[in-house]
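Participant: Can you read through this structure? Questions will come right after.
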Amino acid sequence: MLVPLSWYIILSAVIFSIGVFGFLARRNLIIMFISIELMLNSVNISLAAFSHYLQVMRGQILVFFVITVAAAEAAIGLAILIAYYKNNPTIKVDEINLLKG
Amino acid sequence: MEDIIYNQLSYPILTWSVFLPLIGALVLLFMRNAHVVRWTALLFTIATFIVSLPLLNNFDKSTHKMQFVEIHEWIPTWDIKYFVGIDGISILFLFLTTLLSILCVLVSWKAIETKTKEFYMAILTMEAGMLGVFVSLDFFLFYIFWEAMLIPMFILIGVWGGQNRVYASIKFFLYTLVGSVLMLVGIIVLYFYGGRTLDILALSEIQYPVKMQFWLFLAFFAAFAVKVPMFPVHTWLPDAHTEAPTAGSVILAGVLIKMGAYGFLRFSIPMLPDATLIFVKPILILSIIAIVYGALVCFAQKDFKRLIAYSSVSHMGFVTLGLFALNTQGVEGGILQMLNHGIITGAMFLMIGIIYERTHTRVIADYGGFAKLVPLYAGFFIILTFASIGLPGTNGFIGEFLIIFGAFKARMIWGVLAATGIILGAGYMLWLYQRIFFQDARTDYEATGAHPVSDINVREVITILPLIVFIFWIGVHPDTFLSYMHSSVENLIKNLNMTTSYAEYENMLVKNIMELF
Amino acid sequence: MTLPQLFFAYFALSMTVLSLLIVTRKNPVHSVIWMLVLFIHIAALYLFLNAEFLAAIQIIIYAGAILVLFLFVIMLLNLKREETAQKYQSQWPISMGIALVFAIFMTMIVGKITVMPALGEYSVEAIKAEGSMMTIGKVLYTRYLLPFEIASLVLLVAIIGAVVLAKQRVE
Amino acid sequence: MKYALIPLLPFIAFVLNIVFGRNYIKDRAHWIAVPAVFGSFVLAVSAFTDVLSGNVININLYSWITSGDFHVTVGFLIDQLSAIMLIVVTSISTLIFIYSIGYMHGDGGYYRFFAYLSLFVFSMLVLVMANNFLLMYFGWEAVGLCSYFLIGFWFHKKSAADAGKKAFIVNRFGDFGFGLGVILIFLTFGSLDYMQVFGQAGSLLGQTIDLFGYDVDLATLICLLLFCGAVGKSAQIPLHVWLPDAMEGPTPVSALIHAATMVTAGVFMVARCNPLFNMSEIAMNTVAIVGGVTAIFAATIALVQNDIKRVIAYSTVSQLGYMFLALGVGAYSAGIFHLYTHAYFKALLFLGSGSVIHALHHAKHDDEQNMQKMGGLRKHMPLTYRVFIIATLSITGIPFLAGFFSKDEILWRAFLGGELGRFLWLLGTIAALLTAFYSWRLIYLTFHGSYRGGEGQEQHIHESPKVITVPLMFLAFGAIFAGYVGIPPLFVEHGDKIGEFLAPVLGHPEGHGTHVQEFFVMGASIFVALAGWIVAYTMYLKKTDLPQKIGSLFKPIHTLLFNKYYIDELYSRSIVQPVLKASDKIILAFDTYVIEGIVNGLPNLIGLFSRKFRTVQTGFLANYGLVMAFGVLCIIGYMIFVR
């Protein structure tokens, strides 16, 4: 057990915060989707690490479900993006405010 | 549960009288032609009246127990039963409801042209709801009927009302709803504390801690005070009345308002005796304000119906004063005054509806010199005016005198203040009568005959006559009606066990409020 | 520094650099490609954590399917005009601040974890004995059957949604 | 049981007239009303003879209200007092009914008039014959109702409708006190029946009750409350404002209601409750003082009035003051005796003025009630003139006429009643002087001198038809001989028959002075009557310019009196206006702004807040993301640092 569990968690935390930065800062919608994928992967890493160190399978099973959710989310997100793009050819986030209250 | 007497009659009389109008409403559903709808509605209301008639003669006046009782298991898990019965207090209101419903159907014969089927269905469901409230002895059943009443009334005002009817109906609905939601909380508390039962009689026997009674009383008070319209929460009544169609305001004034006072009698006083005694003084002050305030506002009214609405705020002030004088005369006077008010104000709204059909205006200034134009109508109206003032010989006097007597006996100052209400009452009613019937006639009615103001016709006389008969019957021989109440009111007062004096209860009130903050 | 630690250090470093690259590229296609490289590294990391099946899944689904989907969408929308525009949103320093604070918090939490729950019975040897795929299959289809079904449902909804949104474009 | 018919007959007449009047009976209404009232007059006489022979009738028909220990029955009591009242009410009503056949001839609401008159007689008889306080209260208010109808009979006239409303509301003020008195009586005695209440009246002595904190003698409180009702009904000082306006009603109404019967209800009630009043010295004095003050107050106003009916109305108020004066000093039988005689000559005065108005009415005389526009009617209406003279002689107290005996009896009893009585006697005598003056002023202005009305109308004026003058003759007969029932013992040993007759109910007035004093009092009242006559004679017949000179000399006093001491204005400004203004400005404002404000204010408030929060939803993804992230950070921060 040379590489302690904490390192893995720190690694996933770092990647996760980079994902958060990506999502909040970037203007391009696709990049935001990608950073969400990034965040999800970082979570997967920590899950796998936990599963390995705690010698229990629950972590890996969860990774599966995270992946399915990620896939579904990506598909739907991009579909919406394309639908929106049809009548308003921009994917810059700060121009899309149809939902304004 | 020993003090109930099961129904010995051949048919389940109470269930029939409550659900017959509902069946009527269903039958109406499948009718198309307005005329047929009217006659069937009339048929059903009269049928309900006849079905509930045997209640009167084989009602046993000597006992305070609930009679004609029917109990059927409904929702066993929470021990909810279909528990129905009446006693001295609620029997008279049944007949007031059935009678007024017949008159409502009659008075809106020509008044309602649009969507007549839905109108009559609303009235029939309304009647079922009201009868349900008076007979139900299970909190769950009571609450269902209590809320069920609101919807048809909401529709009646909302659809067939006057100009800003939507505002009035929403206000009416919200007012009553807020109140009854608080009551629901009270019911639930009672359910748990009273040993997981919703049966009103069982819950009345249990002695609740004073602190809890204090809050429960407030919860129930919220619901009933709104319905009675006691002073601060009365502003929905004038709006609801001015916007409601004739039949709507007759039922509203005739029966709906009595629910609040009936609630006090059936729930607040028997179940929460100590809290009632604590709250006697504030409620009496509110009632006296209602009497004087209601009367004063009447002087300033321009609209005919609004004036009568405010006058019923004043009359209901008398009723609550009587009920919370907590002696036999006061309570019996209160109950009788509820009946009288239903008859007098119901009849008055019928009359307003009748004249409104001809002149299509409710502004008092548009009227004048109608005694010559419609002498028979004027004659009937003068009887109603004097009944509403409480002239001896009419029913108003008996109720008011007993209430003032009860209030005077309880505490002299209350009687004196209440008696001022009579003078104010005479003031605004006679002034109203003079402005409408005496002064010189408005030219356009008389000369040009633009609005052919024809006198009251046979159908309208039939609508008014039964109420006039009751006005004089109660006025001359009130014992036929008072005898029903004696034992029930005696029992109500007895288990109130007024041990200490009023003063002592007052500082208990103050103590409770201090603890609050 | 023992060999595994060395490997981990490499992977940690490379993955942080890669994610930074993904997030900061102006051209989305570059980000996607760097993402691909990142996924390969993650698969390798899974191997370290004795989760071969996961590594395979990672490569096949993530790299294979989702990234391709992204590429496909990028190609579909001609993003030429987007290149010129300014990359970051107006208030990006705030998001930078939040991300940093987040990272710091997480590291602090790691420091606080003291008590470890009891070890489960799936030790490394047990998995090796049966093979990672076998154990995952057993566990998945016994204890976690219901979530599995729900996951399939989620996917179904996603498919229908995508089709409906896409179809709209045709008329 | 046949005596229950007395009130029932007029009631049946009322029902028949009101129900079938409009389209069947129309102008034949008197064929139902007159026989009915005559029937009850005959029954009243037979009841009187029964009571004369000694047996008092007290029957309970049926139980009216029972609630808990409160029990009231509908029952009749005919004893000496109510027998006399029955005679007075039914006889005067019969004569007035016949009179109004002629007077109201051709009026649109003919049947309505007779219906309301019969209803009035019914309620008055119930009031008189009731055997408990609540039934009397029933008659009391029913009589108020009929006066509302009859005053406002010509309702198209706004003044008449106003007068009717005013009469009812002012009466209501009185009934407010009366009602409370009735309740207090029940609370102290446990029953409202006369026999029980007056039986235990003795127990009242010394009992006190806590009224708003401090102790008040129970008897005084009860009597004052009852007297409050009497003041309202019999138009005494504070509540007299409605009687002069009640003259808006047709003259037979004024004669019947506002002279003979209704206004005397107050006197009857106080006399009926004499056992209670005897218990409280203060109450007796208040009654006497109010009576005396009203007598002189009303007399002063009558001096300057120009409307013939208003003069007589104020004279009624003044005479009622006399009656209350008598009751106050304990001479109940004297009060009732004066009530009895006053009914006749006052009704005669009213009906006489009615026939004058009727005659002028035919002469198309617009201002038919203004005395300044009359004069010299002696030639045209000899019979009415002669009847008027008899009535005026009687009211001013000229010896050997009804008025003299009863008024003198009152003044004599007042004279004997201690130094307060002595002062009131003085007031009474001055009032008698004024009465003499204004009565003769009325005669000279209307019947003597030259005709001051419009030129062409004089020849139209002619004597009223038979149906009007015959009742006048009967009343004149009453005005002369009614007094012989109570001749003071000074002249005829057992002359005061009415005193002895009423003794069992009203008791004997105590206090008896020497013959010399009696002669002095009688001489004083005769002197005063003649003096008034001579002064009026000189002012209005010989030197006709004198009234103008005196009027201008005492200008302020004249206007003060003419405007009835501005009491009407005082009441309307101090009570009526504030109520209306309060209800308009404050109450309605309170209702609409305060309560509606709260009720509508709440939703607006909520609306306001929600508009604020809306701006948070910017629509930009980034903002939402930021907020979310920030939220997560806060939670984690909390978990780390706080926990």
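Participant: Please specify each residue of segment A:27-37 satisfying the condition of being facing chain C (nearest Cβ under 8 Å) and either touching a residue at least 24 places away in the same chain (Cβ under 8 Å) or under 16 Å from A:ILE10 (Cβ atoms) (or both).
Facilitator: Result: A:ARG27, A:ASN28, A:ILE30, A:PHE33, A:GLU37.
Participant: What's the number of the only condition in (1) over 18 Å from the mean Cα position of the chain (by Cα); (2) modelled with pLDDT under 90; (3) buried (at least 22 other Cβ atoms within 10 Å of the Cβ) that B:TYR167 fails to meet?
Facilitator: The one condition B:TYR167 does not meet is (3).
Participant: Kindly provide the set of residues from segment D:168-197 that are closer than 12 Å to B:ILE423 by Cα and aliphatic (A, V, I, L, M), ordered by number.
Facilitator: Listed by number, the residues that qualify are D:ILE169, D:VAL170.
Participant: Just one of the numbered conditions (1) within 9 Å of another protein chain (Cβ to nearest Cβ); (2) part of a helix (DSSP H, G or I); (3) acidic (Asp, Glu) is not true of C:GLU121; which one?
Facilitator: (2)
Participant: Within segment B:461-498, how many residues are among the polar types (S, T, N, Q) and either under 19 Å from the mean Cα position of the chain (by Cα) or crowded, with 21+ Cβ neighbours inside 10 Å (or both)?
Facilitator: The number of residues fulfilling the criteria is 2.
Participant: I've got another one for you. Any residue at all in segment D:172-192 that is under 30 Å from D:PHE97 (Cα atoms), β-branched (Val, Ile, Thr) and in a helix (DSSP H, G or I)?
Facilitator: no
Participant: Somewhere in segment D:329-349, is a residue among the β-branched types (Val, Ile, Thr), crowded, with 22+ Cβ neighbours inside 10 Å and under 21 Å from D:PHE447 (Cα atoms)?
Facilitator: no
Participant: Here is a further query. Working only within segment A:1-18, note down all residues that are under 19 Å from C:PHE39 (Cα atoms) and more than 7 Å from chain C (Cβ to nearest Cβ).
Facilitator: Scanning segment A:1-18 gives A:TYR8, A:SER12, A:PHE16.
Participant: Any idea which residue in segment B:323-353 is nearest to B:ARG459 (Cα to Cα), counting only those that are among the polar types (S, T, N, Q) and within 11 Å of chain D (Cβ to nearest Cβ)?
Facilitator: Within segment B:323-353, the subset among the polar types (S, T, N, Q) is B:327-329, B:337, B:340, B:345.
Adding the requirement that they be within 11 Å of chain D (Cβ to nearest Cβ) leaves B:327-329.
Values: B:ASN327: 42, B:THR328: 40, B:GLN329: 38 Å.
My answer is B:GLN329.
Participant: Now for a separate question. Within segment D:153-173, which residues are out of contact with any Leu (no Cβ under 9 Å at 6 or more places or on another chain) and either closer than 14 Å to D:VAL576 by Cα or touching a residue at least 12 places away in the same chain (Cβ under 8 Å) (or both)?
Facilitator: If the condition is that a residue be out of contact with any Leu (no Cβ under 9 Å at 6 or more places or on another chain) and either closer than 14 Å to D:VAL576 by Cα or touching a residue at least 12 places away in the same chain (Cβ under 8 Å) (or both), then D:PHE153, D:TRP154, D:LYS157, D:SER159, D:ALA160, D:ASP162, D:ALA163, D:LYS166, D:ARG172 are the ones that fit.
Participant: Hey, another quick one. When segment C:160-171 is examined, which residues are found to be surrounded by fewer than 13 Cβ atoms within 10 Å (Cβ to Cβ) and either assigned to a helix (DSSP H, G or I) or in contact with a strand residue (DSSP E or B) (Cβ under 9 Å, 6 or more places away or on another chain) (or both)? Show your work before the answer.
Facilitator: Going through segment C:160-171, the residues surrounded by fewer than 13 Cβ atoms within 10 Å (Cβ to Cβ) turn out to be C:160, C:163-164, C:167-171.
Hits for segment C:160-171 are C:ILE160, C:VAL163, C:VAL164, C:LYS167, C:GLN168, C:ARG169, C:VAL170.
Participant: With the structure loaded, tell me whether D:VAL293 is touching a residue at least 60 places away in the same chain (Cβ under 8 Å), within 14 Å of the chain's Cα centre (by Cα) and in a helix (DSSP H, G or I) or whether it fails that test. Full working, then the answer.
Facilitator: Numbers: touching a residue at least 60 places away in the same chain (Cβ under 8 Å): yes; within 14 Å of the chain's Cα centre (by Cα): no; in a helix (DSSP H, G or I): yes.
Taking the combined requirement at face value, the residue does not satisfy it.
Participant: What number of residues within segment B:284-341 are hydroxyl-bearing (Ser, Thr, Tyr) and under 21 Å from B:ASP87 (Cβ atoms)?
Facilitator: At the first step, the residues of segment B:284-341 found to be hydroxyl-bearing (Ser, Thr, Tyr) are B:287, B:293, B:310-312, B:314, B:320, B:328.
Pick out the ones that are also under 21 Å from B:ASP87 (Cβ atoms) and you get B:320, B:328.
So the answer is 2.
Participant: Then there is this: Just one of (1) away from chain D (no Cβ under 14 Å); (2) modelled with pLDDT of 85 or more trips up B:THR359, so point out which.
Facilitator: (2)
Participant: Considering segment C:86-111 alone, what residues qualify as being facing chain A (nearest Cβ under 7 Å) and more than 29 Å from A:ILE30 (Cβ to Cβ)?
Facilitator: C:THR107, C:VAL110
Participant: Looking for something under 19 Å from A:PHE23 (Cβ atoms), touching a residue at least 40 places away in the same chain (Cβ under 8 Å), surrounded by fewer than 19 Cβ atoms within 10 Å (Cβ to Cβ) and within 8 Å of chain A (Cβ to nearest Cβ) - is there at least one such residue anywhere in segment C:40-52? I'd like the intermediate steps shown before the answer.
Facilitator: First, the residues of segment C:40-52 that are under 19 Å from A:PHE23 (Cβ atoms): C:42.
Checking the rest, the ones that are also touching a residue at least 40 places away in the same chain (Cβ under 8 Å) come to none.
Looking through segment C:40-52, none of the residues is under 19 Å from A:PHE23 (Cβ atoms), touching a residue at least 40 places away in the same chain (Cβ under 8 Å), surrounded by fewer than 19 Cβ atoms within 10 Å (Cβ to Cβ) and within 8 Å of chain A (Cβ to nearest Cβ).
Participant: If the requirement is being at negative phi and either crowded, with 23+ Cβ neighbours inside 10 Å or facing chain C (nearest Cβ under 7 Å) (or both), which of these qualifies: A:VAL66, A:VAL56?
Facilitator: The conditions single out A:VAL56.
Participant: Still on this structure: Could you grab the pairs with beta carbons closer than 8 Å, sequence gap of 6+ or different chains, first residue in segment D:524-548 and closer than 19 Å to D:PHE447 by Cβ, second one of a type in the set (A, V, I, L, M, F, W, C) and exposed (fewer than 15 other Cβ atoms within 10 Å of the Cβ)?
Facilitator: Partner pairs satisfying both residue conditions: D:THR538/D:LEU546; D:MET539/D:LEU546; D:MET539/D:ILE550.
Participant: Let me ask something else. How many residues are within 9 Å of chain D (Cβ to nearest Cβ), of a type in the set (A, V, I, L, M, F, W, C) and within 17 Å of B:LEU373 (Cα to Cα) if we restrict to segment B:421-438?
Facilitator: Residues that pass the stated criteria total 2.
The values are calculated or read from the model by the stated rules, or taken from the named source; none is laboratory data. These numbers come from a predicted model, not from an experiment. Don't worry about glycine lacking a Cβ; one is built from the backbone with ideal geometry, like all the others, and counts go over all protein chains shown.
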